[in-house]
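One structure is given below, encoded as structure tokens.
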Amino acid sequence: MKQSFTFYLTHWVIKLKGLKKLFSEDPINFKKIRKEDVFKPKGSFFKRHIKRRFQVLKTEVTEVRHSDNSNKLIVFVHGGAFISGPAKHHWETIKTIVKATDYTIWLCNYPKAPEHKIIEISENIEAVYDQATEEFDSENIILLGDSVGGTLVTALTQRLIKNSKSLPKQIQLVSPVMDASLTNPDIDKYDVIDPMLSKKGIFSAKKMCAGDVSLKDPIISPIYGSFKGFPETILFLAENDIMYPDGIVLKDILQKEKVKFKVIHGENMPHIWPFLPIMKESSISLKQLISLLN
């Protein structure tokens, strides 16, 4: 498939910002990466449509909605390697979804590593979901996670099933991180072509987050947990992404467990491409994501 001019422009910006270099450091420089964090987005849209901010444990939840009569909720767990976020592209994604749908969105700014570890982070995400089910019918809740947000959403779903809790209607995973141990041998081949991430730095971030937990524990590597009984699952898998090989493993597991699922392959796309600005291919894929909400 022929790529757009904006595809090449986006790759140039990624290179100019030195993301690959940042994610090639061990230990990863989380303080420098956090400089891109945005906690309170600017602009008239957010001034009008951020309805409230509230605290669940150590997570700040920002509620964004267009309609006062919305009875449908997206719990949005952002990515950032467990060490950073949310970033500007997360807020811009929220703006696009809210404008196009009648969903309320809860953006979860959860505690980050290395100051906080995976057990505490997971407890926060589950507490937010519990709060969501008090205010919304679980049949009207969708979980959306990009990168390690996908880790947290998937692991949460596994715990909900294990503990016989009500499940969301659907989960959407955008370039999800499924295995923190990064032991899939195919990852090395993708490390060469991935313009954004590198195995070395990502592995460093995972170790910072794991603490005393094994990197193959399902709480941080859900690929080692059960997918039996999962709700409808949407996978956005970028083909030029070190997370792609584990995404394919996940697809095969979902097929084996007879889970209803759909895969959108991003041909030649980088990590979390539907959320990246400017790129024509991003806009097309984000429209797909929105259509699949319904």
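Kindly evaluate Val38 against the criterion of being closer than 17 Å to Leu143 by Cβ and among the aliphatic types (A, V, I, L, M).
Working: closer than 17 Å to Leu143 by Cβ: no; among the aliphatic types (A, V, I, L, M): yes.
Answer is no for this residue.
Among (1) more than 18 Å from Leu254 (Cβ to Cβ); (2) of a type in the set (Val, Ile, Thr); (3) touching a residue at least 12 places away in the same chain (Cβ under 8 Å); (4) open to solvent by 10 Å² or more (accessible area, probe 1.4 Å), there is one condition Val192 misses while meeting the rest; what is its number?
The failed condition is (3).
Take the residues of the stretch 197-214 that are part of a helix (DSSP H, G or I) and farther than 26 Å from Leu160 by Cβ: which is most open to solvent (accessible area, probe 1.4 Å)?
Applying the filter and picking the extreme gives Lys200.
Looking only at the stretch 248-280, count how many residues are among the charged types (D, E, K, R) and in contact with a Ser or Thr (Cβ under 6 Å, 6 or more places away or on another chain).
1
Of the conditions (1) within 16 Å of the chain's Cα centre (by Cα); (2) under 30 Å from Gly18 (Cα atoms); (3) not acidic (Asp, Glu), Ser283 fails just one. Which one is it?
Here Ser283 meets the rest and fails (1).
So, in the stretch 233-279, of the ones that are touching a Leu at 6+ places or on another chain (Cβ under 9 Å) and over 15 Å from Pro176 (Cα atoms), which residue ends up least open to solvent (accessible area, probe 1.4 Å)?
If we take residues in the stretch 233-279 being touching a Leu at 6+ places or on another chain (Cβ under 9 Å) and over 15 Å from Pro176 (Cα atoms), then Met279 is least open to solvent (accessible area, probe 1.4 Å).
Output the residues belonging to the stretch 112-142 that are closer than 17 Å to Glu60 by Cβ and open to solvent by 10 Å² or more (accessible area, probe 1.4 Å).
Within the stretch 112-142, Lys112, Glu115, His116, Glu120, Glu123, Glu126, Ala127, Asp130, Gln131, Glu135 meet the criteria.
Of the residues in the stretch 158-180, how many are touching a helix residue (DSSP H, G or I) at 6+ places or on another chain (Cβ under 8 Å), open to solvent by 10 Å² or more (accessible area, probe 1.4 Å) and not charged (D, E, K, R)?
The number of residues fulfilling the criteria is 3.
Only one of these is in a helix (DSSP H, G or I), open to solvent by 40 Å² or more (accessible area, probe 1.4 Å), of a type in the set (Ser, Thr, Tyr) and out of contact with any His (no Cβ under 7 Å at 6 or more places or on another chain): Ser283, Ser226. Name it.
Within the list Ser283, Ser226, the selection yields Ser283.
Hey, does the stretch 179-193 have a residue that's under 15 Å from Gly79 (Cα atoms) and of a type outside the set (Val, Ile, Thr)?
Among the residues of the stretch 179-193, at least one is under 15 Å from Gly79 (Cα atoms) and of a type outside the set (Val, Ile, Thr), which makes the answer yes.
Suppose we keep only residues that are touching a helix residue (DSSP H, G or I) at 6+ places or on another chain (Cβ under 9 Å) and polar (S, T, N, Q) within the stretch 17-59. Which one would you say is farthest from Phe203 (Cα to Cα)?
Thr59
State whether the residues of the stretch 77-85 include one that is in a loop (DSSP other than H, G, I, E, B), open to solvent by 50 Å² or more (accessible area, probe 1.4 Å) and aliphatic (A, V, I, L, M).
There is no residue in the stretch 77-85 that is in a loop (DSSP other than H, G, I, E, B), open to solvent by 50 Å² or more (accessible area, probe 1.4 Å) and aliphatic (A, V, I, L, M).
Yes or no: Asp26 among the acidic types (Asp, Glu), modelled with pLDDT of 95 or more, part of a loop (DSSP other than H, G, I, E, B) and surrounded by fewer than 16 Cβ atoms within 10 Å (Cβ to Cβ)?
The answer is yes for Asp26.
Got a sec? Which of Asp217, Asp186 is open to solvent by 30 Å² or more (accessible area, probe 1.4 Å), acidic (Asp, Glu), out of contact with any helix residue (DSSP H, G or I) (no Cβ under 7 Å at 6 or more places or on another chain) and closer than 22 Å to Lys256 by Cβ?
Only one candidate qualifies: Asp217.
Is there a residue in the stretch 96-110 that is without any contact (Cβ under 8 Å) to a residue 40 or more places away in the chain and touching a strand residue (DSSP E or B) at 6+ places or on another chain (Cβ under 9 Å)?
Checked the stretch 96-110: at least one residue is without any contact (Cβ under 8 Å) to a residue 40 or more places away in the chain and touching a strand residue (DSSP E or B) at 6+ places or on another chain (Cβ under 9 Å).
Out of Asp241, Asp252, I need the residue that is of a type in the set (D, E, K, R) and assigned to a helix (DSSP H, G or I). Which one?
Numbers: Asp241 fails: assigned to a helix (DSSP H, G or I).
The match here is Asp252.
The values are calculated or read from the model by the stated rules, or taken from the named source; none is laboratory data. Model, not experiment: these values are computed from the prediction. Counting neighbours? That spans all protein chains shown, and the Cβs are built from the backbone with ideal geometry, glycine included. Remember, those area values only see protein heavy atoms, side chains included, never the ligands or the DNA or RNA. Shrake-Rupley method; radii C 1.70, N 1.55, O 1.52, S 1.80 Å.
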